[in-house]
Amino acid sequence: MSPKSKKITLPLLLMGVFIAAYFIFSPENEKPSEYIHNEGKAQGTYYSATYQHPDGKDLQVAIDSLFSRFNLSLSTYDPNSVISKINQNNDSVLTDDYFETMFKTAMEISERTNGAFDITVAPLVNAWGFGFGNKDRSKQPDVVEILPYIGYHKVRLVNKKIIKEDKRIMLDASAIAQGLSADLIARLFENNGCENYMIDIGGEIVCKGMNPKGKYWQIGIDKPIDDPENSNRELQTIISVTNVGLTTSGNYRQFYMQGGKKYAHTINPITGFPVEHNLLSATVVAPTSMQADAYATAFMVIGVDSSLILCNQIKDMECYLVYSDNKGKYQVAMTAGFRKYLK
């Protein structure tokens, strides 16, 4: 080999060693961290979270801490929470960021749904034997007496205080708060560099990226079988989603029978009565779980046709509705954009 050829070969050899070393030690070729799974109790239900932390860090302590702070704002079961003190007409209570985020979004959705979604529905929910009120269901409440202090337009947020037109007005954020909490856990994951995750808080879901199998997240939608004990679950369908919030609302879990009649937990804030129509469940996919949560509740109030019309008017939102036909058989209606989520 000539001296000239040696001068060329040596740098090439060194370059080859450098490239090999780069591929061996480059961060891009490190083994991805494993997915972590946490679960526990929160907001009167169960949560589960599956996520891939870039450093393999377990975030359960941070998740549970966030839930504790959140409950101090929006839990109606905690007498010391912000929302409970507002319901108690405690004039000294000031709203916090969690409450204000919920309240402003709730007001916007109430406007968009013409009052079908309304967080002032609490006195009606309680009177019908649901929510955080009296569980006596032996007699029908006097709806005419209650309706005068129902209405989202009768409350305002001014300088971190809720102003009520009537002291009997009470707030119930149960149809939006869990969705918000799922979004907040998602933000916690984002702040920790997690790019792949799924959070499920009692059916309020946020997901991003890929699941542990490298595919979009697979979410089952239950058949709306009357089953208050949640012991007879069957899947209506499975959808494949990512980078969305997702909620299913229905009257097949929370209801009671009285005098041979079914009373559903979804209360129409306008009529004051539990809903009675053929829509059995509403699944909503939206940019946030909070948005999906609230609209799914509103859809259960307004029924199939109105839900489809409204959903088609809202950007980046799709819905899947299960209803019963005049023969009692399950039927499905959905927005055209929802079809992309079907497996």
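The values are calculated or read from the model by the stated rules, or taken from the named source; none is laboratory data. Computed from a predicted structure; not experimentally measured. Here Cβ is always computed from backbone atoms with ideal geometry, including for glycine, and neighbour counts include all displayed protein chains.
Just to be sure, is K262 within 19 Å of G129 (Cα to Cα), out of contact with any Lys or Arg (no Cβ under 7 Å at 6 or more places or on another chain), modelled with pLDDT under 90 and basic (K, R)? If you could, list the steps in order and put the result at the bottom.
On the way: within 19 Å of G129 (Cα to Cα): yes; out of contact with any Lys or Arg (no Cβ under 7 Å at 6 or more places or on another chain): yes; modelled with pLDDT under 90: yes; basic (K, R): yes.
It is true that K262 is within 19 Å of G129 (Cα to Cα), out of contact with any Lys or Arg (no Cβ under 7 Å at 6 or more places or on another chain), modelled with pLDDT under 90 and basic (K, R).
Among the residues of region 211-223, is there at least one that is out of contact with any His (no Cβ under 9 Å at 6 or more places or on another chain), closer than 19 Å to E39 by Cα and charged (D, E, K, R)?
no
Which condition number in (1) at pLDDT below 95; (2) small (G, A, S); (3) under 22 Å from I302 (Cβ atoms) is the one that A106 fails?
(1)
(1) modelled with pLDDT of 90 or more; (2) part of a loop (DSSP other than H, G, I, E, B): which one isn't true of T247, the others all being true?
(2)
Please verify whether region 219-237 includes one or more residues that are modelled with pLDDT of 95 or more and either surrounded by fewer than 12 Cβ atoms within 10 Å (Cβ to Cβ) or part of a helix (DSSP H, G or I) (or both).
no
Does K139 satisfy the condition of being over 30 Å from C311 (Cβ atoms) and in contact (Cβ under 8 Å) with a residue 12 or more places away in the chain?
On the way: over 30 Å from C311 (Cβ atoms): yes; in contact (Cβ under 8 Å) with a residue 12 or more places away in the chain: no.
So K139 fails the test.
Can you find a residue that is of a type in the set (S, T, Y), closer than 22 Å to Q236 by Cα and at pLDDT 95 or above anywhere in region 326-334? Outline the logic, then answer.
In the first step, residues of region 326-334 are kept if they are of a type in the set (S, T, Y); the result is 330.
Then drop every residue that is not closer than 22 Å to Q236 by Cα, which leaves 330.
Still in the running and at pLDDT 95 or above: none.
For region 326-334, residues of a type in the set (S, T, Y), closer than 22 Å to Q236 by Cα and at pLDDT 95 or above: absent.
Based on what the data block shows, is A116 assigned to a helix (DSSP H, G or I), touching a helix residue (DSSP H, G or I) at 6+ places or on another chain (Cβ under 6 Å) and in contact (Cβ under 8 Å) with a residue 60 or more places away in the chain? Give the derivation first.
Working: assigned to a helix (DSSP H, G or I): no; touching a helix residue (DSSP H, G or I) at 6+ places or on another chain (Cβ under 6 Å): yes; in contact (Cβ under 8 Å) with a residue 60 or more places away in the chain: yes.
Here the answer is no, as A116 does not meet what is asked.
May I ask you to list the residues in region 106-124 that are surrounded by 22 or more Cβ atoms within 10 Å (Cβ to Cβ) and closer than 12 Å to I150 by Cβ?
Residues of region 106-124 that are surrounded by 22 or more Cβ atoms within 10 Å (Cβ to Cβ), as a first pass: 106, 109, 113, 116-124.
Result: D118, I119, T120, V121, A122, P123, L124.
On the basis of being closer than 16 Å to I163 by Cα, of a type in the set (G, A, S) and surrounded by fewer than 17 Cβ atoms within 10 Å (Cβ to Cβ), does S84 make the cut?
Values: closer than 16 Å to I163 by Cα: yes; of a type in the set (G, A, S): yes; surrounded by fewer than 17 Cβ atoms within 10 Å (Cβ to Cβ): no.
Answer is no for this residue.
Which of the residues belonging to region 74-85 are in contact with a helix residue (DSSP H, G or I) (Cβ under 8 Å, 6 or more places away or on another chain) and either outside any loop (DSSP other than H, G, I, E, B) or of a type in the set (V, I, T) (or both)?
The answer is L74, T76, V82, I83.
Return the pair list, or none, for Cβ contacts closer than 6 Å from residues in region 41-53 that are under 10 Å from M198 (Cβ atoms) to residues that are among the acidic types (D, E) and part of a strand (DSSP E or B), at least 6 apart or on different chains.
These pairs meet every condition: S48/E39; S48/D200.
Looking only at region 45-80, filter to residues that are of a type in the set (D, E) and out of contact with any strand residue (DSSP E or B) (no Cβ under 8 Å at 6 or more places or on another chain); which one of those is nearest to E34 (Cα to Cα)?
Quick first cut of region 45-80, residues of a type in the set (D, E) only: 55, 58, 64, 78.
Still in the list and also out of contact with any strand residue (DSSP E or B) (no Cβ under 8 Å at 6 or more places or on another chain): 55, 78.
On the way: D55: 9, D78: 36 Å.
Taking the candidates together, the pick is D55.
Just one of the numbered conditions (1) out of contact with any Leu (no Cβ under 6 Å at 6 or more places or on another chain); (2) modelled with pLDDT of 95 or more; (3) surrounded by 22 or more Cβ atoms within 10 Å (Cβ to Cβ) is not true of D172; which one?
Exception for D172: condition (2).
Can you name the residue in region 56-73 that is touching a residue at least 40 places away in the same chain (Cβ under 8 Å) and either touching an Asp or Glu at 6+ places or on another chain (Cβ under 9 Å) or not in a helix (DSSP H, G or I) (or both) and, of all such residues, is surrounded by the most Cβ atoms within 10 Å (Cβ to Cβ)? Quick ask: steps written out before the conclusion?
Just the residues of region 56-73 that are touching a residue at least 40 places away in the same chain (Cβ under 8 Å), to begin with: 57, 59, 62-63, 66-67, 70.
Going one step further and asking which of them are either touching an Asp or Glu at 6+ places or on another chain (Cβ under 9 Å) or not in a helix (DSSP H, G or I) (or both), we end up with 57, 59.
On the way: K57: 13, L59: 20.
Per the stated criteria, the residue is L59.
Return a yes/no flag: does region 129-149 have any residue that is buried (at least 23 other Cβ atoms within 10 Å of the Cβ) and out of contact with any His (no Cβ under 7 Å at 6 or more places or on another chain).
no
Quick test of your reading of the structure: G209 fulfils all but one of (1) free of Cβ contacts under 8 Å to residues at least 40 places away in the same chain; (2) out of contact with any helix residue (DSSP H, G or I) (no Cβ under 7 Å at 6 or more places or on another chain). Name the failing condition by number.
Among (1) free of Cβ contacts under 8 Å to residues at least 40 places away in the same chain; (2) out of contact with any helix residue (DSSP H, G or I) (no Cβ under 7 Å at 6 or more places or on another chain), the lone unmet condition for G209 is (1).
Conditions (1) within 19 Å of L180 (Cβ to Cβ); (2) modelled with pLDDT of 95 or more, marked per residue:
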residue: Y35; (1), (2): no, yes
residue: K41; (1), (2): yes, no
residue: Q52; (1), (2): no, yes
residue: V61; (1), (2): no, yes
residue: D64; (1), (2): yes, yes
residue: N71; (1), (2): yes, yes
residue: D78; (1), (2): yes, no
residue: D96; (1), (2): yes, yes
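Could you count how many residues in region 308-343 are farther than 21 Å from V241 by Cα and surrounded by 13 or more Cβ atoms within 10 Å (Cβ to Cβ)?
Count: 5.
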